[in-house]
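The values are calculated or read from the model by the stated rules, or taken from the named source; none is laboratory data. These numbers were taken from a predicted model, which means no experiment stands behind them. All Cβ positions, glycine included, derive from the backbone under ideal geometry; neighbour counts span all protein chains shown.
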Amino acid sequence: MSEALLHARALTKNYKLGQVNVPALRGVDVDIQAGEYVAIMGPSGSGKSTLMHILGCLDRATDGQYILDGSDVSNLSRRQLARVRNLKVGFVFQTFNLMPRLTVDENVALPLKYRGGISRGERKQRAMKLLDRLGLTDRIGHRPDELSGGQRQRVAIARALVGEPTILMADEPTGNLDSASGAEVLATFEELHAAGHTVVLVTHDANVAAHAERVITMADGKIVA
Amino acid sequence: MGRRLLEWLELFGDAFREIRVHPLRSMLTLSGIVFGAASMVSMISLAGAVQRLASDDLKAIGLPRSFSFQDRAPQPDAVGAMAQRHPGLRMMDMQALASLEGVESVHGFNRAFMLTVGPVGRRNIDIEGVDAGYLELRNMQIVAGRSLRPLDILNSAPVAVVGQELVRDLFGAASPIGQTIKLNGKKFLVVGVVGPIEITFIPADFSFTARRIYIPYSYLTRYNRSPGRVDATIVTARPDVDFGTVFAAGVRVVRNRHGGAEDFRIENDAAEVLSDLAMADGILDGWNVVMFTIGGITLLVGGIGLFSVLLISVRERVREIGIRKALGADEGDILRLFLSESLTLAGLGAGIGVGAGMGLLIITELIVAKFGRVYTIPVNVPALIIAVVFSLLAGIIFGWYPARRAARLDPIEAISTM
């Protein structure tokens, strides 16, 4: 057995479009070690997003094996997969995906709500701690639309980290940001990596991918480099 | 258990927040449930109030614990000695009835029609020879002076209680108390004035009871007839005994005393009241069925309104659902999220509806009060509970499908929805 934190073998994914099977992944092997900072790069349609969805337990592979943090998650039920997402994966999206009606701290605390058994007070406390760590203490109580893009993405990062996940997954995290804010966010990822977090970043931008320790390049549903 | 409760409380708090974001839409969604709950609570409470008023009136008009014997001529088919021997209804019968177990009172009664002469006017008037306590038994209020007393009866005293509506004709503006009237030439002292049998609701006219004069029945017995005879006697059972037993015993005693001469008629006043009450209850039960049906249909329509708005809400919030799922919400979490909103909406609707229904009752009371009648319409608690339970059930039933639809959304598709 591999000691890799993420260990995927021969992952395939087919989408059905009417009668036609559209292959999105055609046998992908990936190993990511704990503490690594990896970028998955490729043009759109290369299968990088599909791979991230599977690695992030948002989706299941059609075939192949995927072991996350020592347990096989290839064939889990939707409910079990939701549990794994909650416990082990933190997502950061291109469009931030914050809840517009919740305050910054409520947004950050949201994943803990779905963990169950954590009191409101403790959830809030843990959210505060992360906001403090990401330098957002002065934004507490504000709603997302009162924040700049860079601040919003940092709130999203705080939310991804609040459940102390095994792995942090970011899907084009700088795609909707100006270059200054983008640099800020990338610096945050580097800090997190330096602090020992495992980060997987999906991007089509080579300049962004260059920030990672290792780059996995995809094309046509396969890893090409 | 406590943790579950806390989680639900938090869900309801969040649901309330979500509802407040769209106040107009939420209120429109609620309206069906509001109308359903309001109509159930108000109409059934109103029916209950009507039922109570009607039954009070029926009890006031009738004699709910009494039966009576009316004197009559022996029947033509009575033959021989029996026909000769008929004694008629007598005070001796009354004594025998009074000694029975469970009898509260036995009232004697005689009728007459007399030329009555007062200080101001003269008229032919129905005279009722009654017993002490009879006016009270008939729910007639003494408005001035006093009622007839046992000593008046014992002494066959020439005293009279005059019906309220006769006062002006016989006495003019002066107080009748202490004045003298002549009944067929015999002087009577007026000791009291009495109002009619009081009814509040049933559209029946009992004002004639205030156009009569009430004197001791014993006086009429001596005046009219052979000593000891009465036109009628009214037996009232104690409230704590079985009426049927007392009735049967009373009938047996009088029959035995009369040796088979059918010279009296038996009237079961209590049974008449009961059958009238049963009829009124039947009518109002029918009304209740109609109102529950209308309320139920309105709630159903309200539930369908809730259903469609929740479906729209789910569609609008697909992306939010996707995000929540990405953060680890499972299908149960999403189901509970929408179900709690549906339940909160339904609960709010029920609350507002019940409040509106109670408000309608108060408005009805105020309108009725404008017409000079004071009724309190108590809220029918079972109807209130049924309205709330049905509303919440509608919330669960009609919230279920939209909530499940939200729960089943694929997170990736949901998150990529714009």
- Query: What are the residues in region B:323-336 that are more than 15 Å from A:Arg159 (Cα to Cα), in a helix (DSSP H, G or I) and either small (Gly, Ala, Ser) or facing another protein chain (nearest Cβ under 8 Å) (or both), if any?
  - Reply: B:Glu331, B:Gly332, B:Asp333
- Query: What are the residues in region B:285-322 that are within 14 Å of chain A (Cβ to nearest Cβ) and in a helix (DSSP H, G or I), if any?
  - Reply: B:Ser313, B:Glu316, B:Val318, B:Arg319, B:Glu320, B:Ile321, B:Gly322
- Out of curiosity, is A:Pro43 surrounded by 15 or more Cβ atoms within 10 Å (Cβ to Cβ), touching a residue at least 40 places away in the same chain (Cβ under 8 Å) and not polar (S, T, N, Q)? no
- Message: Restricting to region B:377-403, give me the number of residues that are touching a helix residue (DSSP H, G or I) at 6+ places or on another chain (Cβ under 6 Å) and assigned to a helix (DSSP H, G or I).
- Response: 13
- Just give me the residues in region A:63-115 being more than 7 Å from every other protein chain (Cβ to nearest Cβ), surrounded by 16 or more Cβ atoms within 10 Å (Cβ to Cβ) and hydroxyl-bearing (Ser, Thr, Tyr), in sequence order. A:Tyr66, A:Ser74, A:Thr95, A:Thr103
- Item | From the options B:Pro216, B:Pro203, B:Pro239, residue that is free of Cβ contacts under 8 Å to residues at least 40 places away in the same chain and either in the same structural domain as B:Val159 (by TED's automatic domain parsing) or over 30 Å from the mean Cα position of the chain (by Cα) (or both) | B:Pro203
- Query: Do we find that B:Ala98 is at pLDDT below 90, out of contact with any Pro (no Cβ under 8 Å at 6 or more places or on another chain), of a type outside the set (Asp, Glu) and within 27 Å of B:Asp269 (Cβ to Cβ) in this structure?
  - Reply: no
- Query: Only one of (1) touching a residue at least 60 places away in the same chain (Cβ under 8 Å); (2) among the hydrophobic types (A, V, I, L, M, F, W, C); (3) surrounded by fewer than 17 Cβ atoms within 10 Å (Cβ to Cβ); (4) in contact with a Lys or Arg (Cβ under 9 Å, 6 or more places away or on another chain) is not met by B:Val117, so which one is it?
  - Reply: (3)
- Taking region B:172-187, which residues are in contact with a Pro (Cβ under 9 Å, 6 or more places away or on another chain) and within 19 Å of B:Ser147 (Cα to Cα)? B:Pro176, B:Gln179, B:Thr180, B:Ile181, B:Leu183, B:Lys187
- When (1) at negative phi; (2) hydrophobic (A, V, I, L, M, F, W, C); (3) surrounded by fewer than 22 Cβ atoms within 10 Å (Cβ to Cβ) are applied to A:Ala10, the one that fails is (1)
- Item | Meets criteria (closer than 24 Å to B:Leu392 by Cβ, more than 14 Å from every other protein chain (Cβ to nearest Cβ) and free of Cβ contacts under 8 Å to residues at least 24 places away in the same chain) for B:Ser342 | no
- Message: Restricting to region B:64-95, name every residue that is touching a strand residue (DSSP E or B) at 6+ places or on another chain (Cβ under 8 Å) and at pLDDT below 90.
- Response: B:Asp71, B:Arg72, B:Gly88, B:Leu89, B:Arg90, B:Met91
